[in-house]
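Asker: Would you mind keeping the following structure in view while I ask a few things?
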Amino acid sequence: MTHREEQADRLPLLPLKEVVIFPRMVTPLLVGRPSSVSAVEEALSSERPLFLCAQRDASVESPSADDLYDIGVAASILQTLRMPDGTMKVVVEGLARGEVLDVLFDQDHIEAMVRQVSCAAVVGEKATALHRTVLAQFEEYVRLGQRVAPEIVASLRSVSEPGDFADLICAYLSLSLEERQLLLSITDEEERLEQIASILMRENEMLELERRVRDRVRDQMDRSQRDHFLHEQLRAIHQELGTRDEGPDEFAEMRELLDKTKMPKEVREKAEREMARYERMPPLSPESTVVRTYLEWLVDMPWNKRSRDSLNIEEARKILDEDHYGLPKVKERILEFLAVRKLSKSTKGPVLCLVGPPGVGKTSLGKSIARAMGRKFVRVSLGGVRDEAEIRGHRRTYVGALPGRIIQNVKRVGVRNPVFMLDEIDKLSMDYRGDPSSALLEVLDPEQNNAFSDHYLEVDFNLAEVFFITTANNEYDIPHALHDRMEVVRISGYTSFEKQRIAQGFLVPKQLKEAGLSEEQVKFEPSGIDRIIQRYTREAGVRELERQIARVCRKVARQVVEESAAHCGVIDAEVVSKLLGPEEYPENRAEAMAMVGVAVGLAWTWAGGDILSIETSISRGKGEITLTGQLGDVMKESAQAAFTYLRTHAAELGIPARFNQTNDIHVHIPEGAIPKDGPSAGTALAVSMLSALKKKAPEPFFAVTGEVTLRGRVLQVGGIKEKVLGAHRAGIRTVVLPKENEKDLVEVPEEVRDDLAFVFVENIDEVFKAAFPTLKKSSATRKKSAAKKPSTSRTAQK
């Protein structure tokens with residue numbers, strides 16, 4: 001910038017963002033920056049004009065001289081208003097153009113050395129012609145754009161000075177910052193008017209094009225409404241003449257699909273009614289799309305399509321055995337269904353509920369059943385489902401409504417008799433949107449599901465031929481009404497022998513393939529798999545076993561890559577320990593349990609069977625009994641019953657008759673963070689208390705289960721198979737069971753029965769005799785118990 005201070009005035013400077021002010025233009029400004037507020041206050045106090053100059057970049061908060069345009073406008077302040085937030089509202093009027101010669105930064109505001117810019121006037125006929133041309137174009141601009149009030153045009157007609165006229169026109173044009181600054185910078189009035197005329201011509205052409213587009217859209221909408229009106233008239237004429245109006249092609253296409261689809265009578269009637277509605281609706285109506293979507297669902301549903309069952313019993317047995325080891329009950333039930341299906345074609349689809357701990361193959365079993373039967377398979381996870389509409393669908397009155405998951409998946413597989421798995425049925429929830437378990441009652445009831453009604457379809461669909469399979473981890477979390485409608489098949493945890501077979505036959509080949517290894521490169525020895533089962537897993541299923549095998553395979557694969565070895569050798573117990581690191585579980589959890597006051601009970605959880613350590617401690621006191629370990633009410637009552645029995649028969653058991661008056665008894669079951677409940681620990685609680693009172697440890701590797709009464713009777717309990725498997729995994733050798741549970745050992749695998757000794761009892765004295773073989777009783781007790789001895793069953797002794 002040129003320094004000619006002798007010809008310039010020093011004025012407070014107000015930088016503007018995205019705004020250009022012209023002479024004679026009155027406009028309000030909102031001033032917010034502290035330096036800008038100070039500049040306004042300086043102009044007011046010194047009675048000097050305020051110089052307004054636009055910034056090149058609006059994002060700059062503290063502009064320098066290079067951030068400002070050279071040309072601005074000196075303006076007078078007409079009005080100011082201080083706002084509560086510290087900003088200021090200022091009304092200014094442009095006076096004259098000015099050129100910035102220098103920018104001076106004061107302490108709290110900016111000032112500029114400004115030289116007034118004189119404009120070259122235009123006179124004569126050319127001025128008149130330009131004035132008229134620009135005024136006519138501006139009138140057209142106001143008419144097409146409808147953004148400027150018509151009164152402005154009238155006021156502009158009275159302005160005869162070309163320069164003022166041009167500046168006022170610029171004030172009302174919607175232009176970019178660069179174009180407005182360009183018009184402000186043009187000092188030649190003739191050139192400025194010509195530039196304005198060019199801009200107005202361009203803007204008018206754009207506005208005319210926008211008007212044509214708007215008119216075309218309006219005409220199309222009017223034409224659509226007219227076509228609909230004429231179509232309705234034509235339809236009325238056809239009705240009067242008794243002829244059929246075939247309508248547009250989309251109507252004919254939909255009607256052709258309806259005619260090809262074999263629907264039940266009531267569904268056909270519903271489809272015809274909806275089709276008649278669809279034909280009467282205007283094509284652009286939103287309701288038309290809803291009705292068409294509904295008709296497409298009716299057309300796509302497999303009303304009469306079914307897959308043909310494979311009724312070859314031997315082939316089905318072969319497929320089931322290929323995919324899963326063991327699980328005889330489930331396989332037997334599937335083969336029974338196929339046999340009945342072969343004899344009777346009208347057999348309804350069964351509803352099976354597979355209950356068992358995680359990892360035993362419940363979900364994968366569904367796919368295997370579908371393959372064995374030659375049916376299509378579909379799976380829906382119910383975990384966390386809490387909306388009834390997930391099952392029954394939404395009514396069509398809702399935007400975006402769809403059928404429920406049952407109908408959606410039946411349509412997806414395209415047949416009416418798939419194998420349909422409802423996974424994790426015990427994880428269903430409910431809230432204010434409804435109870436999905438109640439909606440499933442109709443789905444899983446063989447007497448009702450032949451007419452299942454979905455809220456969206458509004459017609460019945462026959463689910464009687466669907467083979468429903470549900471899965472659950474905890475049978476007691478299934479709603480009672482649902483449980484009553486299903487045939488429950490309980491799948492227990494696997495034995496170590498079964499896990500060994502499953503690993504060799506299924507898990508190892510699968511993980512070798514995923515790791516890119518072959519059986520020629522790596523061979524898993526039985527000892528290696530057994531080490532993984534015993535020392536690195538503790539579960540009823542095989543999921544953790546598969547993960548540990550996968551870890552071994554990944555580590556072997558890394559060795560192959562790093563050492564470029566084509567053969568990695570044998571994976572035995574020693575190699576497994578090196579690859580997997582420290583063992584996560586001890587070799588035998590029951591070894592350290594033969595202690596005074598410690599008895600081993602058997603527990604049955606949703607994850608399978610397990611052993612339960614029960615500890616009793618005797619201390620000086622007033623005869624109080626303390627129960628800890630987060631015990632439930634039923635287990636606390638069992639402990640009280642066992643304690644009462646010991647008090648009643650103290651003399652017979654050889655313990656002080658008044659022990660309860662001088663001693664406190666504390667019974668604790670470890671792992672206190674886990675809730676425990678049930679009556680089956682009654683016998684184990686009695687053994688633990690008696691051991692503490694006699695100061696004699698029970699037999700090692702000894703476990704007991706059964707409910708005890710005040711008279712000493714031992715009652716039957718549930719979960720015998722799971723409890724026996726848990727005892728076997730923990731290294732127990734002798735298991736004491738109620739006599740009434742002897743029949744339940746049939747379900748226990750033969751290799752487990754051969755490895756354990758079972759003692760069947762009817763009275764708690766028989767339990768004590770088995771737990772303490774050398775226990776000395778009073779002579780009266782020996783005479784009484786001599787008449788009845790506990791029955792013992794042992795196939796193999798180790």
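Asker: Can you name the residue in segment 102-118 that is of a type outside the set (A, V, I, L, M) and open to solvent by less than 40 Å² (accessible area, probe 1.4 Å) and, of all such residues, is farthest from Leu68 (Cα to Cα)?
Answerer: Our first condition is that a residue be of a type outside the set (A, V, I, L, M); within segment 102-118, this holds for 102, 105-109, 111, 115-116, 118.
Within this subset, residues satisfying the condition of being open to solvent by less than 40 Å² (accessible area, probe 1.4 Å) are 102, 109, 111.
Numbers: Asp102: 11, His109: 15, Glu111: 12 Å.
Filtering segment 102-118 for residues that are of a type outside the set (A, V, I, L, M) and open to solvent by less than 40 Å² (accessible area, probe 1.4 Å), the one farthest from Leu68 (Cα to Cα) comes out as His109.
Asker: OK, next. Which one of Val717, Val667 is within 30 Å of Arg620 (Cα to Cα) and hydrophobic (A, V, I, L, M, F, W, C)? Show your work before the answer.
Answerer: On the way: Val717 fails: within 30 Å of Arg620 (Cα to Cα).
Result of the check over Val717, Val667: Val667.
Asker: Being touching a residue at least 60 places away in the same chain (Cβ under 8 Å) and either β-branched (Val, Ile, Thr) or touching a strand residue (DSSP E or B) at 6+ places or on another chain (Cβ under 7 Å) (or both) is the filter here, so list the residues in segment 120-140 that pass it.
Answerer: To start, the set of residues in segment 120-140 that are touching a residue at least 60 places away in the same chain (Cβ under 8 Å) comprises 120-122, 126-127, 130-131, 133-134, 137-138, 140.
Within segment 120-140, Ala120, Val122, Thr133, Val134 qualify.
Asker: Then there's this: I'm told Leu30 meets every condition in (1) among the hydrophobic types (A, V, I, L, M, F, W, C); (2) open to solvent by 40 Å² or more (accessible area, probe 1.4 Å); (3) out of contact with any Ser or Thr (no Cβ under 8 Å at 6 or more places or on another chain) except one. Can you identify the failing condition by its number?
Answerer: Only one criterion in (1) among the hydrophobic types (A, V, I, L, M, F, W, C); (2) open to solvent by 40 Å² or more (accessible area, probe 1.4 Å); (3) out of contact with any Ser or Thr (no Cβ under 8 Å at 6 or more places or on another chain) is unmet by Leu30, namely (3).
Asker: Given the condition touching a helix residue (DSSP H, G or I) at 6+ places or on another chain (Cβ under 9 Å), among the small types (Gly, Ala, Ser) and over 30 Å from Glu750 (Cβ atoms), answer yes or no: does some residue in segment 695-704 qualify? Steps first, please.
Answerer: The first filter runs over segment 695-704 and keeps only residues touching a helix residue (DSSP H, G or I) at 6+ places or on another chain (Cβ under 9 Å), leaving 696-704.
Narrowing the set further to residues that are among the small types (Gly, Ala, Ser) leaves 697, 703.
Right, trim to over 30 Å from Glu750 (Cβ atoms) and you get 697.
Yes, some residue in segment 695-704 is touching a helix residue (DSSP H, G or I) at 6+ places or on another chain (Cβ under 9 Å), among the small types (Gly, Ala, Ser) and over 30 Å from Glu750 (Cβ atoms).
Asker: Across segment 66-90, which residue is farthest from the chain's Cα centre (by Cα) among those that are loosely packed, with under 15 Cβ neighbours inside 10 Å and hydrophobic (A, V, I, L, M, F, W, C)?
Answerer: Ranking the candidates gives Leu78 first.
Asker: While we're here: Residue by residue through segment 663-680, note down the ones that are under 36 Å from the mean Cα position of the chain (by Cα) and assigned to a loop (DSSP other than H, G, I, E, B).
Answerer: Step one: list which residues in segment 663-680 are under 36 Å from the mean Cα position of the chain (by Cα), which gives 670-678.
The answer is Pro670, Glu671, Gly672, Ala673, Ile674, Pro675, Asp677, Gly678.
Asker: For segment 724-740, which residues satisfy the criterion of being surrounded by fewer than 24 Cβ atoms within 10 Å (Cβ to Cβ), without any contact (Cβ under 8 Å) to a residue 40 or more places away in the chain and not charged (D, E, K, R)?
Answerer: Thr734, the sole residue that qualifies.
Asker: Go through (1) open to solvent by 20 Å² or more (accessible area, probe 1.4 Å); (2) at pLDDT 85 or above and name the single condition Tyr645 misses.
Answerer: The failed condition is (1).
Asker: Same structure, new question: Going by what's in this entry, would Ala472 be described as open to solvent by less than 10 Å² (accessible area, probe 1.4 Å) and either at pLDDT 85 or above or not charged (D, E, K, R) (or both)? It would help to see each step written out before you state the result.
Answerer: Details: open to solvent by less than 10 Å² (accessible area, probe 1.4 Å): yes; either at pLDDT 85 or above or not charged (D, E, K, R) (or both): yes.
Yes, satisfied.
Asker: Another question about this same structure. Identify all residues within segment 397-413 that are in a loop (DSSP other than H, G, I, E, B) and either open to solvent by 40 Å² or more (accessible area, probe 1.4 Å) or hydroxyl-bearing (Ser, Thr, Tyr) (or both); write none if there are none.
Answerer: Initially, segment 397-413 is screened for residues in a loop (DSSP other than H, G, I, E, B), giving 397-404.
Scanning segment 397-413 gives Thr397, Tyr398, Val399, Gly400, Leu402.
Asker: Just to be sure, is Glu583 modelled with pLDDT under 90, within 29 Å of Thr605 (Cβ to Cβ), surrounded by fewer than 16 Cβ atoms within 10 Å (Cβ to Cβ) and not small (Gly, Ala, Ser)?
Answerer: On the way: modelled with pLDDT under 90: yes; within 29 Å of Thr605 (Cβ to Cβ): yes; surrounded by fewer than 16 Cβ atoms within 10 Å (Cβ to Cβ): yes; not small (Gly, Ala, Ser): yes.
Taking the combined requirement at face value, the residue satisfies it.
Asker: Assuming Val735 fulfils every condition listed in (1) modelled with pLDDT of 90 or more; (2) part of a helix (DSSP H, G or I) apart from one, which condition is it?
Answerer: (2)
Asker: Among the residues of segment 180-199, which ones are closer than 14 Å to Gly72 by Cα and open to solvent by 20 Å² or more (accessible area, probe 1.4 Å)? Outline the logic, then answer.
Answerer: Pass one, segment 180-199, residues closer than 14 Å to Gly72 by Cα: 180-187.
Hits for segment 180-199 are Arg180, Leu182, Ser185, Thr187.
Asker: Could you count how many residues in segment 350-396 are basic (Lys, Arg), closer than 20 Å to Ala481 by Cβ and assigned to a loop (DSSP other than H, G, I, E, B)?
Answerer: Going through segment 350-396, the residues basic (Lys, Arg) turn out to be 362, 367, 371, 375-376, 379, 386, 392, 395-396.
Applying the additional criterion that residues be closer than 20 Å to Ala481 by Cβ yields 386, 392.
Among the residues that remain, those that are also assigned to a loop (DSSP other than H, G, I, E, B) are: 386.
Residues flagged as basic (Lys, Arg), closer than 20 Å to Ala481 by Cβ and assigned to a loop (DSSP other than H, G, I, E, B) within segment 350-396 amount to 1.
Asker: Taking the condition in contact (Cβ under 8 Å) with a residue 12 or more places away in the chain, among the polar types (S, T, N, Q) and open to solvent by less than 10 Å² (accessible area, probe 1.4 Å), does Thr683 pass? Before the answer, list the steps.
Answerer: Values: in contact (Cβ under 8 Å) with a residue 12 or more places away in the chain: yes; among the polar types (S, T, N, Q): yes; open to solvent by less than 10 Å² (accessible area, probe 1.4 Å): yes.
So Thr683 fits the description; yes.
Asker: Let me ask you something else. Under 17 Å from Glu208 (Cα atoms) and under 60 Å from the mean Cα position of the chain (by Cα) - does that describe any residue in segment 150-166? Before you say what the answer is, go through the steps one by one.
Answerer: Let us first name the residues in segment 150-166 that are under 17 Å from Glu208 (Cα atoms), namely none.
No.
Asker: Is it true that some residue in segment 157-169 is within 21 Å of Val100 (Cβ to Cβ) and open to solvent by 50 Å² or more (accessible area, probe 1.4 Å)? Break it down into steps so the answer makes sense when it comes.
Answerer: Start the filter on segment 157-169 by keeping residues that are within 21 Å of Val100 (Cβ to Cβ), which leaves 163, 167.
Still in the list and also open to solvent by 50 Å² or more (accessible area, probe 1.4 Å): none.
Looking through segment 157-169, none of the residues is within 21 Å of Val100 (Cβ to Cβ) and open to solvent by 50 Å² or more (accessible area, probe 1.4 Å).
Asker: May I ask you to list the residues in segment 621-632 that are over 21 Å from Val714 (Cβ atoms) and not in a strand (DSSP E or B)?
Answerer: Gly621, Lys622, Gly623, Glu624, Gly629, Gln630
Asker: Could you go through segment 69-86 and let me know if any residue there is farther than 19 Å from Ile186 by Cα and touching a residue at least 60 places away in the same chain (Cβ under 8 Å).
Answerer: The initial filter retains those residues of segment 69-86 that are farther than 19 Å from Ile186 by Cα, namely 76-86.
If we keep only those that are touching a residue at least 60 places away in the same chain (Cβ under 8 Å) as well, we get none.
Scanning segment 69-86 turns up no residue that is farther than 19 Å from Ile186 by Cα and touching a residue at least 60 places away in the same chain (Cβ under 8 Å).
Asker: Determine whether segment 39-53 contains at least one residue that is within 26 Å of Asp167 (Cα to Cα), charged (D, E, K, R) and open to solvent by 90 Å² or more (accessible area, probe 1.4 Å). Before you say what the answer is, go through the steps one by one.
Answerer: Filtering segment 39-53 down to residues within 26 Å of Asp167 (Cα to Cα) leaves 39-40, 43-44, 47-53.
Narrowing the set further to residues that are charged (D, E, K, R) leaves 47-48.
Then keep just the ones that are open to solvent by 90 Å² or more (accessible area, probe 1.4 Å); that gives 47.
The answer is yes; a qualifying residue exists.
Asker: Given the criterion touching a helix residue (DSSP H, G or I) at 6+ places or on another chain (Cβ under 6 Å) and without any contact (Cβ under 8 Å) to a residue 60 or more places away in the chain, identify the matching residue among Arg371, Arg386. Outline the logic, then answer.
Answerer: Numbers: Arg386 fails: touching a helix residue (DSSP H, G or I) at 6+ places or on another chain (Cβ under 6 Å).
Exactly one residue qualifies, and that residue is Arg371.
Asker: Just give me the residues in segment 414-449 being open to solvent by 30 Å² or more (accessible area, probe 1.4 Å) and not in a helix (DSSP H, G or I), in sequence order.
Answerer: Those that are open to solvent by 30 Å² or more (accessible area, probe 1.4 Å) and not in a helix (DSSP H, G or I): Glu424, Leu428, Ser429, Met430, Asp431, Tyr432, Arg433, Asp435, Pro446, Glu447, Gln448.
Asker: Also, I was wondering about something else. For Phe452, are the conditions met, namely being open to solvent by less than 10 Å² (accessible area, probe 1.4 Å), closer than 26 Å to Glu272 by Cβ and at pLDDT below 90?
Answerer: Values: open to solvent by less than 10 Å² (accessible area, probe 1.4 Å): yes; closer than 26 Å to Glu272 by Cβ: yes; at pLDDT below 90: yes.
It is true that Phe452 is open to solvent by less than 10 Å² (accessible area, probe 1.4 Å), closer than 26 Å to Glu272 by Cβ and at pLDDT below 90.
Asker: Collect the residues in segment 681-732 that are in a loop (DSSP other than H, G, I, E, B) and of a type in the set (A, V, I, L, M), keeping them in residue-number order. Talk me through it step by step, then tell me what you get.
Answerer: To start, the set of residues in segment 681-732 that are in a loop (DSSP other than H, G, I, E, B) comprises 681, 695-701, 705-706, 709-712, 716-719, 730-732.
Across segment 681-732, the qualifying residues are Ala681, Ala697, Leu710, Val717, Ala730, Ile732.
Asker: Condition first: open to solvent by less than 40 Å² (accessible area, probe 1.4 Å), at pLDDT below 90 and farther than 30 Å from Glu652 by Cα. Now tell me which residues in segment 746-798 satisfy that.
Answerer: Of everything in segment 746-798, those that are open to solvent by less than 40 Å² (accessible area, probe 1.4 Å), at pLDDT below 90 and farther than 30 Å from Glu652 by Cα turn out to be Val748, Pro749, Val752, Ala796.
Asker: Can you tell me which of (1) within 25 Å of Cys353 (Cβ to Cβ); (2) among the small types (Gly, Ala, Ser); (3) in contact (Cβ under 8 Å) with a residue 60 or more places away in the chain; (4) surrounded by fewer than 18 Cβ atoms within 10 Å (Cβ to Cβ) is the one Gly505 doesn't meet?
Answerer: Tallying (1) within 25 Å of Cys353 (Cβ to Cβ); (2) among the small types (Gly, Ala, Ser); (3) in contact (Cβ under 8 Å) with a residue 60 or more places away in the chain; (4) surrounded by fewer than 18 Cβ atoms within 10 Å (Cβ to Cβ), Gly505 fails exactly one: (1).
The values are calculated or read from the model by the stated rules, or taken from the named source; none is laboratory data. What you see is a predicted model; the values in this text were computed from it and never measured. All Cβ positions, glycine included, derive from the backbone under ideal geometry; neighbour counts span all protein chains shown. For accessibility, only protein heavy atoms count, side chains too; no ligands or nucleic acids. Shrake-Rupley method; radii C 1.70, N 1.55, O 1.52, S 1.80 Å.
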